[in-house]
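Peer 1: Sharing a structure, written as structure tokens. Questions coming.
The values are calculated or read from the model by the stated rules, or taken from the named source; none is laboratory data. Computed from a prediction, not measured in an experiment: that's the story for all the values here. Cβ coordinates were reconstructed from backbone atoms using ideal geometry, including for glycine residues, and neighbour counts include every protein chain displayed. The accessibility values were calculated without ligands, DNA or RNA, using every heavy atom of the protein model including side chains. Shrake-Rupley method; radii C 1.70, N 1.55, O 1.52, S 1.80 Å.
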Amino acid sequence: MSALRETLQRHVDDGAVPGAVGLVARGDEVEAVSVGSRDADGTAPMTRDSLFRIASITKPVTAAALLTLVEEGTVGLDAPVAEWLPELAEPMVVRTPSAPVDDVVPAARPITVEDLLSSRPGWGFPSDFALPAVQALFGVQKDGRAPQAYPEPDVWLADLARVPLLHQPGEAWLYGTASDVQGVLIARASGRTLPAFLAERIFEPLGMRDTAFEVPKEKRDRFTTAYRPDGAGGLELADAPDGEWSGLPRFPSGGGGLASTADDWLAFARMLLNGGEANGHRVLSPTSVSRMTANHLSAAQREGGALFLEGQGWGYGGSVDVDPLAPWNVPGRYGWVGGTGTTAHVVPRTGTVTILLTQTAMTDPTPTPLMRDFWRCTAGQAE
């Protein structure tokens, strides 16, 4: 039994997850391991092509799509987003992070496209969820693991515009909201729906046949059942294969709405490792890939996001390892984790890809023991 299979099987055996798919690729060498079942009842074995709700490892895909619009000149990195999102033209900012939501001042400058890509627009989640402006944001920023809870994009954006920024644009890294705004920006600037645009610019060129915001009936026999910990050592149902992803949501979430497979995300990762090209298609320029996978945060901004980043930096749509704080942290390693129990990274230095897909949700921003064991197990291959 391989070390990867043993690691995943141990967490299935202890009941943490019903099943898992783990994949490690280095060049043409790929180890893909499937253990357990697609649901807690054991009705079907997990397979390499099982479909998962990938949650926030959607974020890098959305960032890449937005960068294609930057490259063609439709939007500019330094351009104010208000050109396409006029609802965000005159944001207000709380006077201090702990101030009441009615104690506000005007934003010192416009929110730019680059602010969105680097997750620094002023909206999002810090380490302290109790701040008044953050509590107000919770009323708008829905849980991406329940996409049908969102309203239409125009309604959502108008609701967001009424929430004051926690920080001035560009000042602080804040988690989550920027990626959903990116999705709305892509649709507005391209004149296409986000699902159509991602299919055209990312999924079809890369051969990502199973990645979408909905899972059609003919694929649901491969779709995993989603669970969350019940607080008593067991699991409770979060979403069934014919549930939230059975139809296209009103709001396709650029922050966490995709369903996908390990091999589809591998195709996306290989495009990044190959400087933006795959299957004879140039999806991104090497310059865009370099910007996407480079850290854009100051030390203070990294510290402000410590609950999520655990000391690392942030590129566009994903974290970037800066310091080797754990065995799996390799400077330049890029990727992210998803609240449904997913994680995916690329290590440009070695050309390594690591992907873990499970169907048990995280209960907080801290990566699960299974994620850490997976990273530890695969760390030697990423060096």
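The rows are residues; the columns are (1) hydrophobic (A, V, I, L, M, F, W, C); (2) touching a strand residue (DSSP E or B) at 6+ places or on another chain (Cβ under 9 Å); (3) at pLDDT below 95.
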| site | (1), (2), (3) |
| --- | --- |
| Val61 | yes, yes, no |
| Glu72 | no, no, no |
| Leu85 | yes, no, no |
| Pro110 | no, yes, no |
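Peer 1: A further question on this structure: Quick check on my filter: what residues within the range 187-222 are within 19 Å of Leu85 (Cβ to Cβ), open to solvent by 70 Å² or more (accessible area, probe 1.4 Å), not in a helix (DSSP H, G or I) and not β-branched (Val, Ile, Thr)?
Peer 2: Arg192, the sole residue that qualifies.
Peer 1: Still on this structure, please answer the following. Return the pairs, sorted by first residue and then second, in which the second residue is open to solvent by 30 Å² or more (accessible area, probe 1.4 Å) and among the acidic types (Asp, Glu), the first residue lies in the range 233-249 and is over 19 Å from Glu218 (Cβ atoms) and free of Cβ contacts under 8 Å to residues at least 24 places away in the same chain, the beta carbons are less than 8 Å apart, and the residues are 6+ apart or on different chains.
Peer 2: Matching pairs, first to second residue: Glu236/Asp230.
Peer 1: OK, next. Does the range 26-62 hold any residues that are under 28 Å from Pro195 (Cβ atoms), among the aliphatic types (A, V, I, L, M) and outside any strand (DSSP E or B), and which are they?
Peer 2: Ala44, Met46, Ile54, Ala55, Ile57, Val61
Peer 1: Of the residues that sit in the range 246-261 and are buried (at least 16 other Cβ atoms within 10 Å of the Cβ) and of a type in the set (Gly, Ala, Ser), which one is farthest from Ala226 (Cα to Cα)?
Peer 2: Among residues in the range 246-261 that are buried (at least 16 other Cβ atoms within 10 Å of the Cβ) and of a type in the set (Gly, Ala, Ser), the one farthest from Ala226 (Cα to Cα) is Gly254.
Peer 1: Restricting attention to the range 228-263, report how many residues are within 30 Å of Val346 (Cα to Cα) and in contact with a Pro (Cβ under 7 Å, 6 or more places away or on another chain).
Peer 2: Qualifying residue count for the region: 7.
Peer 1: Here is a list: Leu137, Leu131, Leu157. Which entry is in contact with a Phe, Trp or Tyr (Cβ under 8 Å, 6 or more places away or on another chain) and either surrounded by 17 or more Cβ atoms within 10 Å (Cβ to Cβ) or closer than 20 Å to Lys59 by Cα (or both)?
Peer 2: Leu137
Peer 1: Additional query: Which residues, counting only those in the range 213-235, are more than 13 Å from Leu51 (Cβ to Cβ) and in contact with a strand residue (DSSP E or B) (Cβ under 6 Å, 6 or more places away or on another chain)?
Peer 2: Tyr227, Arg228, Asp230, Leu235
Peer 1: Additional query: Considering only residues that are part of a loop (DSSP other than H, G, I, E, B) and charged (D, E, K, R), which ones fall in the range 115-125? Before the answer, list the steps.
Peer 2: Applying the first criterion (part of a loop (DSSP other than H, G, I, E, B)) to the range 115-125 yields 118-124.
Of everything in the range 115-125, just one residue is part of a loop (DSSP other than H, G, I, E, B) and charged (D, E, K, R), namely Arg120.
Peer 1: A further question on this structure: Considering only the range 290-308, state which residues are open to solvent by 10 Å² or more (accessible area, probe 1.4 Å) and in contact with a helix residue (DSSP H, G or I) (Cβ under 7 Å, 6 or more places away or on another chain).
Peer 2: Within the range 290-308, Thr293, Arg302 meet the criteria.
Peer 1: Can Thr378 be described as over 20 Å from the mean Cα position of the chain (by Cα), surrounded by 24 or more Cβ atoms within 10 Å (Cβ to Cβ) and touching a residue at least 24 places away in the same chain (Cβ under 8 Å)?
Peer 2: The answer is yes for Thr378.
Peer 1: Residues of the range 273-299 being free of Cβ contacts under 8 Å to residues at least 60 places away in the same chain and polar (S, T, N, Q), which ones?
Peer 2: Correct list: Asn274, Thr287, Ser290, Thr293, Asn295, Ser298.
Peer 1: Also, quick follow-up: If we keep just the residues of the range 262-282 that are open to solvent by less than 20 Å² (accessible area, probe 1.4 Å) and in a helix (DSSP H, G or I), which is nearest to Ser56 (Cα to Cα)?
Peer 2: Checking each candidate, the answer is Trp265.
Peer 1: Within the range 320-329, how many residues turn out to be touching a helix residue (DSSP H, G or I) at 6+ places or on another chain (Cβ under 6 Å) and closer than 21 Å to Val70 by Cβ?
Peer 2: Taking the range 320-329 first, the residues touching a helix residue (DSSP H, G or I) at 6+ places or on another chain (Cβ under 6 Å) are 327-328.
Right, trim to closer than 21 Å to Val70 by Cβ and you get none.
Number of matching residues: 0.
Peer 1: Of the residues that sit in the range 63-114 and are part of a strand (DSSP E or B) and open to solvent by 30 Å² or more (accessible area, probe 1.4 Å), which one is nearest to Gly335 (Cα to Cα)?
Peer 2: Pro80
Peer 1: Could you list, in sequence order, the residues of the range 322-356 that are crowded, with 23+ Cβ neighbours inside 10 Å and assigned to a loop (DSSP other than H, G, I, E, B)?
Peer 2: Of everything in the range 322-356, those that are crowded, with 23+ Cβ neighbours inside 10 Å and assigned to a loop (DSSP other than H, G, I, E, B) turn out to be Arg333, Thr340, Gly341.
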